[in-house]
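The values are calculated or read from the model by the stated rules, or taken from the named source; none is laboratory data. Quantities reported herein were computed from a predicted structural model and do not represent experimental measurements. Ideal geometry is used to build each Cβ from the backbone, glycine not excepted, and the neighbour counts take in all protein chains shown. These area figures cover heavy atoms from the full protein model, side chains too; ligands, DNA and RNA do not enter into them. Shrake-Rupley method; radii C 1.70, N 1.55, O 1.52, S 1.80 Å.
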Amino acid sequence: MDFEFSQDQRELGAQARRFLADKCPPAAVRAVLEGDEPFDRALWQGLAELGYLGIAVPEAYGGLGLGYLELCVVAEELGRALAPVPFSSSVFLATEFLLAAGTEAQKQTWLPRLASGGAIGTFAYAERLGHVTPKTIQLAAADGRLTGSKTAVPDGDVADFAIVAARTSPGSDARGISLFLVELTAEGVTRQAIETIDPSRSHAMIAFAGAAAEPLGEAGDGWRIVEAVLDRAAVLTAFEQIGGADRALEMARDYALDRMAFGRPIGSFQAVKHMLADMYVSATLARSNGYYGAWALSTGAAELPEAAASARVAATQAFQHCAKNNIQTHGGMGFTWAFDCHLFYRRSNLLALNLGSLSQWEDKLIQRLRERNQAA
């Protein structure tokens with residue numbers, strides 16, 4: 001197995017880093033966090049013009065027709081820059097649901113718009129805070145209409161459509177879950193923005209009152225599709241988290257080398273050295289698991305379920321660890337609004353919950369490893 005990216009893929013990452021350094025400095029993230037705009041529209045258009053929104057979309061649907069490895073490379077750079085755009089919702093989730101289960105008509109309608117930035121999609125999953133299971137999904141679907149609500153929908157206030165998990169038969173069985181595509185500007189849909197720890201990535205509560213919906217995939221097959229797409233999204237999000245963890249580590253290292261105390265850099269003190277070393281270990285472990293996940297995703301390997309869970313767990317832990325200790329390294333100044341440390345702390349905690357909590361993915365990892373061992 002070759003777990004290294006190719007020269008072309010590394011060049012793609014370098015190009016994305018240069019573009020984001022120019023178009024998405026910390027000041028741009030703060031402008032969204034502190035302002036009225038839900039995301040950086042100019043940056044979104046720039047990403048579309050570079051083709052990043054359609055990296056893994058086939059050329060027949062207006063994309064670049066590349067692959068998941070290229071998407072992982074770009075995701076890492078977006079994570080480093082804390083890009084305040086609906087990339088993960090639209091690309092990691094909505095696009096992947098359409099590729100996995102959309103009809104030809106649905107793909108022809110939406111994929112070119114997603115790839116060009118002309119439309120934003122999202123996934124409406126949870127109805128309450130906590131672990132999402134088939135039992136917790138009770139939003140009802142009947143006769144092509146949805147009734148109920150979803151909460152904490154990422155970019156739900158700006159998305160043009162949502163893939164919605166709904167119950168088509170009473171009870172708590174996974175076989176009663178189906179997926180639907182709903183245009184969020186349609187009659188019977190209301191949206192309300194909600195506050196989160198990271199306002200640079202907006203979320204919303206979406207209520208459906210008899211809203212028209214078209215099926216996505218086979219009836220009763222929704223939970224299987226959700227699990228498959230979340231595994232893909234977990235690997236891609238892990239690279240976003242890895243990028244954020246690496247940048248937080250770099251910030252802490254640079255400050256430790258520059259900040260003087262008692263006539264010497266604070267990085268020369270044992271306590272700070274140990275903190276930076278621990279950050280490096282967690283970030284490196286996350287990258288190792290991320291590469292394994294990227295290999296499994298790009299090759300369609302049977303190991304993808306456990307590789308995705310491993311990547312998700314390690315990357316979540318690494319980003320939260322590095323973001324927290326970046327603040328600690330900066331000392332009292334690190335807690336202030338003037339420094340950029342809090343931007344990484346906010347994003348690390350937001351991404352830790354976006355696809356389900358850390359404990360949820362730890363449970364998945366244990367269950368999947370157990371199942372594989374029993375099958376061996």
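Dipole magnitude of the range 252-360 about its Cα centre, charges +1 at Lys/Arg Cβ and -1 at Asp/Glu Cβ only, in debye to the nearest 20? Show your work: numbers first, answer last.
Values: 9 positive and 6 negative charges, 53 e Å.
Rounded to the nearest 20 debye, it is 260 debye.
Send over a whole-number figure in Å² for the accessible area per residue of the chain, probe 1.4 Å.
Values: 16050 Å² over 376 residues.
Normalised by residue count, the accessible surface of the chain is 43 Å².
Helix-only mean residue ellipticity at 222 nm, the chain, DSSP H runs n ≥ 4 weighted -39,500 (n - 2.57), per residue, nearest 500. What is it? Each step should come with its number before you reach the end.
Details: 11 runs with 195 residues, N = 376.
Result for the chain: -17500 deg cm²/dmol, rounded to the nearest 500.
Write down the radius of gyration of the range 96-165 and its Dmax, each obtained from C-alpha positions, in Å.
13.3, 37
Got a sec? Charge dipole of the chain, +1 on Cβ for Lys and Arg, -1 for Asp and Glu; which of Ala159, Ala318, Thr299 is way out at the positive end?
Ala318
Filter the GluC sites (Glu not before Pro) in the range 1-106 down to the DSSP loop ones having no more than 15 other Cβ atoms within 10 Å, then list what survives.
Values: sites: Glu4, Glu11, Glu34, Glu49, Glu59, Glu70, Glu76, Glu77, Glu96, Glu104; in loops: Glu4.
Within the range 1-106, the qualifying GluC sites (Glu not before Pro) (loop, at most 15 other Cβ atoms within 10 Å) are Glu4.
Taking the alpha-carbon distance from Lys273 and a cut-off under 19 Å, which aspartates and glutamates remain once sequence neighbours fewer than 8 residues away in the same chain are dropped?
Output for Lys273: Asp246, Glu250, Asp254, Asp258.
May I ask you to evaluate 6.51 cos²θ - 1.76 cosθ + 1.60, the Karplus curve with θ = phi - 60°, for each residue of the range 338-355 and list the ³J(HN,Hα) values in order in whole Hz, giving x for glycine and proline?
Once θ is set to phi - 60°, the couplings for the range 338-355 become 5, 8, 8, 4, 5, 4, 6, 5, 4, 5, 4, 6, 5, 5, 5, 10, 4, 10 Hz.
About the Cα centre, and with charges only on the beta carbon of Lys, Arg (+1) and Asp, Glu (-1), how big is the dipole of the chain? Nearest 20 debye, please. List each step's numbers first, then the result.
Details: 33 positive and 43 negative charges, 192 e Å.
Charge dipole of the chain: 920 debye, to the nearest 20.
Distance cut-off 32 Å, Cα to Cα: go down the list Lys135/Lys324; Lys107/Lys364; Lys150/Lys364 and report the pairs above it.
Flagged as over cut-off: Lys135/Lys324.
Would you work out which of Leu129, Ala119, Leu99 lies farthest towards the positive end of the dipole of the range 80-136, given +1 charges on the beta-carbon of Lys and Arg and -1 on that of Asp and Glu, about the Cα centre?
After comparing all options, I get Leu129.
Magnitude of the Cβ-charge dipole of the range 32-112, K/R +1 and D/E -1, about the Cα centre, nearest 20 debye? Intermediate results must be reported in sequence, preceding the final value.
Numbers: 3 positive and 11 negative charges, 41 e Å.
About 200 debye.
Note the per residue figure in Å³ for the convex hull of the C-alpha positions in the range 70-196. Each step should come with its number before you reach the end.
Values: hull volume 16.8 nm³, N = 127.
Taking only Cα atoms, the range 70-196 has a hull volume of 133 Å³ per residue.
Of all beta bridges DSSP finds with both residues in the chain, what is the antiparallel percent, to the nearest 5? Before the final figure, lay out the partial values.
Values: 29 of 35 bridges.
Around 85 percent antiparallel, to the nearest 5.
Carbon and sulfur atoms: what percent of the 1.4 Å accessible area of the chain do they account for?
The value for the chain is 53 percent carbon and sulfur by accessible area.
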